[in-house]
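Everything on this sheet refers to the single structure shown next.
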């Protein structure tokens, strides 16, 4: 299940979380973000990955986007124990995104 992150819950839900948290930084007006959204939904249901998955609207939580240097969307950041473990900017296929995540988790 995809969580909705914002300025109020980001620290507690992402930065203070143990384990992996995948955050999709998006904007409602962004075409590639709309294409990526169902992929993020599918990734969130993948039990093999065993991580929290969520989305953050950069227009509603610009402070968080700025803190992590998100200059274009979509940007997907994988956090491990509150630290950035991987990031990808632009559209990415489900297979490629899952491959990146699995490579980081299995390091």
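The numbers here are math on the coordinates, done by the rules we state, and not lab data. The structure displayed is predicted, hence computed values, not measured ones. Counting neighbours? That spans all protein chains shown, and the Cβs are built from the backbone with ideal geometry, glycine included.
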Query raised in the report: In this structure, is residue 97 farther than 16 Å from residue 4 by Cα and buried (at least 18 other Cβ atoms within 10 Å of the Cβ)?
Result: yes
Query - Options 47, 80, 16, 55: the member that is in contact (Cβ under 8 Å) with a residue 24 or more places away in the chain and within 14 Å of residue 101 (Cα to Cα) - result: 80
Query raised in the report: Tell me, which residue of region 28-50 that is touching a strand residue (DSSP E or B) at 6+ places or on another chain (Cβ under 7 Å) and buried (at least 19 other Cβ atoms within 10 Å of the Cβ) is farthest from residue 76 (Cα to Cα)?
Result: 43
